[in-house]
1. Hey, any idea what Rg/Rh is for the stretch 1-78, computing Rh the Kirkwood way over Cα pairs?
2. Would you mind computing the Rg to Rh ratio of the stretch 86-147 from its alpha-carbon coordinates, Kirkwood style for Rh?
3. As a test of the formula, what do you get for the chain when each DSSP H run with n ≥ 4 contributes -39,500 (n - 2.57) and the sum is divided by the residue count, at 222 nm and rounded to the nearest 500 deg cm²/dmol?
4. Hey, got the dipole for the stretch 86-147? About the Cα centre, +1 on K and R Cβ, -1 on D and E Cβ, debye to the nearest 20?
5. Determine the principal axes of the Cα atoms in the stretch 191-247, then give the extent along each, sorted from largest to smallest and rounded to whole angstroms.
6. 5 Å is the cut-off here: which amide hydrogens, built 1.01 Å from N in the peptide plane, fall below it relative to HIS212, excluding neighbours closer than 5 in sequence?
7. Considering the options GLY56, SER12, GLY121, tell which one lies farthest towards the positive end of the dipole of the stretch 1-125, charges being +1 on Lys and Arg and -1 on Asp and Glu at the Cβ, about the Cα centre.
8. When the dipole is taken about the Cα centre of the stretch 1-145, and only Lys, Arg (+1) and Asp, Glu (-1) are charged at their Cβ, what size is it in debye, to the nearest 20?
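Rule-based calculations on the coordinates, nothing more; no lab input. These numbers come from a predicted model, not from an experiment. Glycine also receives a Cβ, built like all others from the backbone with ideal geometry; neighbour counts cover every protein chain displayed.
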Amino acid sequence: MTGVHIAHVTKSYLLPGGTRKHALKGVDLDIAPGEFVCLLGPSGCGKSTLLNILSGLDSEYEGVVAFPETERLRISYIFQEARLLPWMTVRNNLRFVLDDGRGSDAHQRIEGWLERVGLAGYGDYYPSQLSVGMQQRVSVARALILEPELLLMDEPFSSLDELTSLRMRMELLDLWDQARPTVVFVTHNPMEAVYLADRVVIMTTGPGRISHELLVNTELPRPRDFEDQRLWQLSREAVRHLMDDGGAGPSAGSPIGVVKTT
Ligand code: ADP
């Protein structure tokens, strides 16, 4: 587990023609070790830009991003698409990210993770032989097998059908509960944000900045229930903030609250 300290982070992109466009301006955010934070905001408010900065993929920004224990911090990043290596089997996609993928310990870890994400028996399959949801399960296993202290997720379930994404959200919370990495999860879905997060950080465009925070943890104990009316209330509150900010905020009408999957 690790905390994250983000202070006055500003990022601009160079556009064709030589002008610069601000994607983030003056972002301040402190995330506690083991906290599950959702970044919620409309398209273009800088959520992915902020994740790229946290991951180290983008180092061209102003301001401070600091981790208390910076030595060999383990960070995993899950994207909207699974991004598996298509020429490798599922098992080898997991083995590939391990430092020592050959040991017997590695074999046990791989098989253990395949089982945990519901893919025991699929180790010899190639990604193209799996559904999109199964591929995303492999990418979750690939991220968590590294036992990350910081887990970054960029709309990981948004390309899945609603029932599959419901299941994946529940499973993610189970897995998070076992190891408690710090999580920064990007979404534009208010229900998803309030269902998953300890804290929802609402961002707005023009340029990207933090406009509000919702402390979900104080309102909703875990484990959470999709049927809980407080989830809907918090989701509506998040939508109100998004609308107040003038963003083309998404509606609160995701069916996450009305589908039972047990
Ligand atoms: P979000 O993830 O919230 O949809 P992004 O972080 O992807 O937002 O983008 C924030 C803003 O920065 C947007 O206006 C986007 O067009 C712009 N942007 C993102 N990446 C680039 C890039 N490589 N070059 C120029 N502009 C970019």
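1. Numbers: Rg = 13.3 Å, Rh = 13.5 Å.
With Rg and the Kirkwood Rh in hand, the quotient comes to 0.98.
2. Numbers: Rg = 10.4 Å, Rh = 11.2 Å.
Using Cα coordinates only, the ratio equals 0.92.
3. Working: 8 runs with 88 residues, N = 262.
The helix-only estimate for the chain comes to -10000 deg cm²/dmol at 222 nm.
4. On the way: 7 positive and 7 negative charges, 33 e Å.
My answer is approximately 160 debye.
5. That works out to 36, 16, 15 Å along the principal axes.
6. Counting only residues 5 or more places away or on other chains, the set is ILE202.
7. SER12
8. Values: 15 positive and 15 negative charges, 86 e Å.
The calculated dipole for the stretch 1-145 is roughly 420 debye.
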